[in-house]
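The values are calculated or read from the model by the stated rules, or taken from the named source; none is laboratory data. Bear in mind that the values here come from a model prediction, so they are computed numbers and not experimental data. All Cβ positions, even for glycine, are placed from backbone atoms using ideal geometry, and neighbour counts span all protein chains on display. With ligands, DNA and RNA removed, areas are computed over all heavy atoms of the protein, side chains included. Shrake-Rupley method; radii C 1.70, N 1.55, O 1.52, S 1.80 Å.
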Amino acid sequence: MASKNMMRFSVALWMAFISWVTVCSSPPAVASPTATQTLDDAIEPLAPKVARTEEDEDKLTAAALFSAGRTLEQRQKLPAALRRYQRALRYAPDAKPILREMLPLAFSLERRDVVLRFLTAHLDETGISDPLLLRAAAEYLAEEGNWSAALKLYRQVELLLAGDKPSPAQVLVQLELGRLNFLRGNYAESAAAYQQVLDALSDPKKFGLDPKTQRALAGDDGELFELMGSVFLEAKRPEQALQAFTMLDQRDPDGARRSFNAARVKLVTGNPQAALDELQKFFDAKQPPETTTPYEVLAEALKELNQSDQLVSRLEVLRKSQPESASLAFYLGEEYRQASRWQDAAALFEAAIAARPTADAYQSLSQVYCHTGDAAAMLKLLVSVAEKTGSLSALGGESIALIKNEKLLAKVLAVAIEQHREAQANDAAALRVAALLASEAKRWDDAERLMNLAIQADPSATAGLLIAWGIDLFVAEKYDRAAAVFQRGIDEIAVKDEIAACSFYLAGALEMEGQSDEALAAAQRAAKQKPDDPMFASRPAWILYHAKRYDDAELAYQTFLEKFNDDFSTPGAREMVQQANLVLSNLSVLRGDQSQGVEYLEQVLDEFPNDIGANNDLGYLWVDENRHLKRAHRMIQVAVANEPENAAYRDSLGWALFRLGRLAEALEELQKAVELEKANGKGPDPTVLDHLGDVYQKLGRIADARVSWKQSIEGYQREKETDKIKPVEQKLRASEKPPPSGDGR
């Protein structure tokens, strides 16, 4: 079944597509014989002895597209060539030849997102032997946080360089392998890679490392040696750790740090008393550490000596000699908090924040206030977090815990109103935080009162407060109140961009309220104010589509694509083009142009091969037309694997299995689809019931089929989809004939 943005439909899918491929890849046509020419023998059609399989068709399609891409690339029509390669890749059983052409082209066009998406999808089959290209691709993936994929590419580079003589390139690859494995917590693999880096820095001439390259690798202060030493310790390789720390000290001598690192090595080698002795030298140097690691080492050494009961007293002594240490204050505060010494913990967390604000300190102090119920202190903390970080996100899950703590939340909001009711300038921060907190907690009356006070205290914050408040109302489906807030923003704000944002959101709220004409007017105002923003430019089209003004919506989306379809530089353009193609596919099918509907979905998947909805929708179209069943089945499986609780995807999978003749599996999937819809509080979808009836019929369970078809007809009647009723009625009437044998089941 098509996903929510697609309505169910049948499709005649291939002829338009194959014609397009042929035009792109075939040589110019040769003139045909004239009508006056006489042929010796009548022309007879060629009939293949063996019909092409689906796999054969895929190979031909991929070959034609690849050939077209090569031709276009030779003609310097590079964007068009890249599009052909992208589609060819989806049909090719062997991706390597296409990737070898496509990825360098994508790099040259600076299509970073294309590189990332297709590399991620085809990591094990790139077929690329250019180490520089693979390294560049790996850097892209690493920057995006896809460390696992980046590691795979770096390992490929490592293999490509393995036969070469030692070089800086090999060292750089090992450096990245070490770093990425460390980030993933793979300490043994990280240590193995860093061992090779350490060897290279120990013998730089062997690897061709000049002094400048050595400095670049190790860092100005030798921080790489510190990192490598830490990794070696995690991997239980103390000898290499000691070597790294020694090289660090040679580069940047520091007695206190030397003692600390020696303590770490002693602890790993099983000598906790020696570790304590070295650690004491570090503490005696009175160099407040930036992290809590020294205190963690202290705790571990005492634990090994069965002296954990001394930890707090030792920390308290250190605190007296190092009152300025934020990390010590935080660590001792955590010990107090674990022991339920709430006031002592709060005092230390407050000191830590005053010395060096960190998310951990904010979160721990929030936990203390939640336990003690100190509303005034909690409000003060929230204001501090918001002023220093710009939001409450630094609190992480603690802000959610506060919202769920209704009693404390009510006290915090009451304190905000009581202490800041005068709404002077110095009240603005507390009122703003309390207003946003109330809105997030869906305490709408409190939010409205606090919002008004906050705006009164600081009129310059009007836009941000109203937009945030309105969005919260919209998400909570309070569309009428959201519309009023956005309209207020339009009336009270003077900045053009902020007015445009309010108009954009107002359009959505009005449309959800059923006021389509007013929504369209607001969307058009927003688009006019920000014509080069793809999100704003597509808003009128979405309003028309949601209002079921399909002809106007189709024209509006086509106009949008004319402007943004080839825009790969404007932020958000590709995602909005993606959405436009999905909607246009649906609209094309609604007006009976199935081939164009398929083409729009193909374009989505050319650029976004992992788009779950498009995989399901195109797979469903092909299944419904009984074409490309194996490919469609694989595509729908991708959708189900990503959203197993999606009833529409389950229906698509059941329908694909039915077409493939796997009836028992089809029945299981369709029954799951029905159960999921019931669990979501909906009646079974009539299309699912229609499909279920077909499966029952094939299984010979005619009575069950008739029940399912009757329910399907009732569902279509409720949804006023009368055009879909007749085919089901025909099946129901045909099933009235007595079966040739058996008991009707």
query: For region 658-675, what are the residues that are free of Cβ contacts under 8 Å to residues at least 40 places away in the same chain and within 30 Å of the chain's Cα centre (by Cα)?
result: Glu669, Leu670, Lys672, Val674, Glu675
field: Number of the condition not met by Ala149 [criteria: (1) open to solvent by less than 50 Å² (accessible area, probe 1.4 Å); (2) at pLDDT 90 or above]
entry: (2)
- prompt: Among the residues of region 211-233, is there at least one that is over 41 Å from the mean Cα position of the chain (by Cα) and surrounded by fewer than 18 Cβ atoms within 10 Å (Cβ to Cβ)?
  reply: yes
query: When region 103-146 is examined, which residues are found to be part of a loop (DSSP other than H, G, I, E, B), closer than 23 Å to Leu172 by Cα and open to solvent by 40 Å² or more (accessible area, probe 1.4 Å)?
result: Ser129, Asp130, Glu144, Gly145, Asn146
message: Can you say whether Ser399 is outside any helix (DSSP H, G or I), within 29 Å of Leu328 (Cβ to Cβ) and out of contact with any His (no Cβ under 6 Å at 6 or more places or on another chain), as far as the supplied structure shows?
response: no
statement: Only one of (1) touching a residue at least 12 places away in the same chain (Cβ under 8 Å); (2) within 30 Å of Phe608 (Cα to Cα) does not apply to Gly700, and that is (2)
query: Can you find even one residue in region 127-136 that is of a type outside the set (A, V, I, L, M, F, W, C), modelled with pLDDT of 90 or more and touching a Leu at 6+ places or on another chain (Cβ under 9 Å)?
result: no
Residues of region 539-594 classified as open to solvent by 80 Å² or more (accessible area, probe 1.4 Å), closer than 30 Å to Ala106 by Cα and not in a helix (DSSP H, G or I), total: 3
task: Scan region 328-346 for residues that are open to solvent by less than 60 Å² (accessible area, probe 1.4 Å) and among the small types (Gly, Ala, Ser) and jot them down.
output: Ala329, Gly333, Ala345, Ala346
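Rundown of residues vs (1) in a helix (DSSP H, G or I); (2) within 25 Å of Tyr479 (Cβ to Cβ); (3) in contact with a Lys or Arg (Cβ under 7 Å, 6 or more places away or on another chain); (4) not hydrophobic (A, V, I, L, M, F, W, C), yes/no style:
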site: Ile403; (1), (2), (3), (4): yes, yes, no, no
site: Lys411; (1), (2), (3), (4): yes, no, no, yes
site: Glu418; (1), (2), (3), (4): yes, no, no, yes
site: Leu431; (1), (2), (3), (4): yes, no, no, no
site: Ser439; (1), (2), (3), (4): yes, yes, no, yes
site: Met451; (1), (2), (3), (4): yes, yes, no, no
site: Ile455; (1), (2), (3), (4): yes, yes, no, no
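In region 409-438, which residues are among the acidic types (Asp, Glu), open to solvent by 50 Å² or more (accessible area, probe 1.4 Å) and within 24 Å of Ala394 (Cα to Cα)? Before you say what the answer is, go through the steps one by one.
Step one: of region 409-438, the residues among the acidic types (Asp, Glu) are 418, 422, 427.
Narrowing the set further to residues that are open to solvent by 50 Å² or more (accessible area, probe 1.4 Å) leaves 418, 422.
Hits for region 409-438: nothing passes.
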message: Of everything in region 595-643, what is over 22 Å from Val115 (Cα atoms) and either part of a loop (DSSP other than H, G, I, E, B) or of a type in the set (Asp, Glu) (or both)? Give them in sequence order.
response: Glu599, Asp617, Asp624, Glu625, Asn626, Arg627, His628, Glu643
message: Quick check on my filter: what residues within region 522-537 are without any contact (Cβ under 8 Å) to a residue 12 or more places away in the chain and out of contact with any helix residue (DSSP H, G or I) (no Cβ under 7 Å at 6 or more places or on another chain)?
response: Lys528
message: Here is a check on your reading of the model: is Leu159 at pLDDT 90 or above and among the hydrophobic types (A, V, I, L, M, F, W, C)?
response: yes
- prompt: Quick one: in region 47-70, which of the residues that are closer than 21 Å to Leu629 by Cβ and among the charged types (D, E, K, R) is most open to solvent (accessible area, probe 1.4 Å)?
  reply: Arg52
field: Scope region 439-463; condition open to solvent by 50 Å² or more (accessible area, probe 1.4 Å) and of a type outside the set (Ser, Thr, Tyr); matching residues
entry: Glu440, Lys442, Arg443, Asp445, Glu448, Arg449, Asn452, Gln456, Pro459
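Can you find even one residue in region 476-490 that is in a helix (DSSP H, G or I), open to solvent by less than 30 Å² (accessible area, probe 1.4 Å), under 14 Å from Cys502 (Cα atoms) and touching a Cys at 6+ places or on another chain (Cβ under 8 Å)?
Let us first name the residues in region 476-490 that are in a helix (DSSP H, G or I), namely 479-490.
Those left that are additionally open to solvent by less than 30 Å² (accessible area, probe 1.4 Å): 482-483, 485-486, 489.
Next, only the ones that are under 14 Å from Cys502 (Cα atoms) stay: 482-483, 485-486, 489.
Of the ones still in play, those that are also touching a Cys at 6+ places or on another chain (Cβ under 8 Å) are 486, 489.
Yes, there is a match, as at least one residue in region 476-490 is in a helix (DSSP H, G or I), open to solvent by less than 30 Å² (accessible area, probe 1.4 Å), under 14 Å from Cys502 (Cα atoms) and touching a Cys at 6+ places or on another chain (Cβ under 8 Å).
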- prompt: Looking only at region 471-482, which residues are small (Gly, Ala, Ser) and modelled with pLDDT under 95?
  reply: Ala476
message: Being of a type in the set (Gly, Ala, Ser), over 19 Å from Gln170 (Cα atoms) and at pLDDT 95 or above is the requirement here; does Ala235 meet it?
response: yes
Condition check for Asn626: open to solvent by 20 Å² or more (accessible area, probe 1.4 Å) and on the phi > 0 side of the Ramachandran plot: yes
- prompt: If you go through region 86-102 one residue at a time, do you hit one that is of a type in the set (Asp, Glu), modelled with pLDDT of 80 or more and open to solvent by less than 90 Å² (accessible area, probe 1.4 Å)?
  reply: yes
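One line per residue, one yes/no per condition, for (1) within 30 Å of Glu602 (Cα to Cα); (2) open to solvent by less than 30 Å² (accessible area, probe 1.4 Å); (3) in a helix (DSSP H, G or I); (4) out of contact with any Leu (no Cβ under 6 Å at 6 or more places or on another chain):
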{"site": "Gly683", "(1), (2), (3), (4)": "no, no, no, yes"}
{"site": "Gly693", "(1), (2), (3), (4)": "no, yes, yes, yes"}
{"site": "Val707", "(1), (2), (3), (4)": "no, no, yes, yes"}
{"site": "Gly715", "(1), (2), (3), (4)": "no, yes, yes, yes"}
{"site": "Pro727", "(1), (2), (3), (4)": "yes, no, yes, yes"}
statement: When restricted to Leu657, Leu670, Leu663, the only residue open to solvent by 30 Å² or more (accessible area, probe 1.4 Å), among the aliphatic types (A, V, I, L, M) and at pLDDT 95 or above is Leu663
- prompt: Before we move on, is Ala679 open to solvent by 30 Å² or more (accessible area, probe 1.4 Å) and under 32 Å from the mean Cα position of the chain (by Cα)?
  reply: yes
query: In region 579-606, how many are under 24 Å from the mean Cα position of the chain (by Cα) and closer than 27 Å to Thr53 by Cα?
result: 7
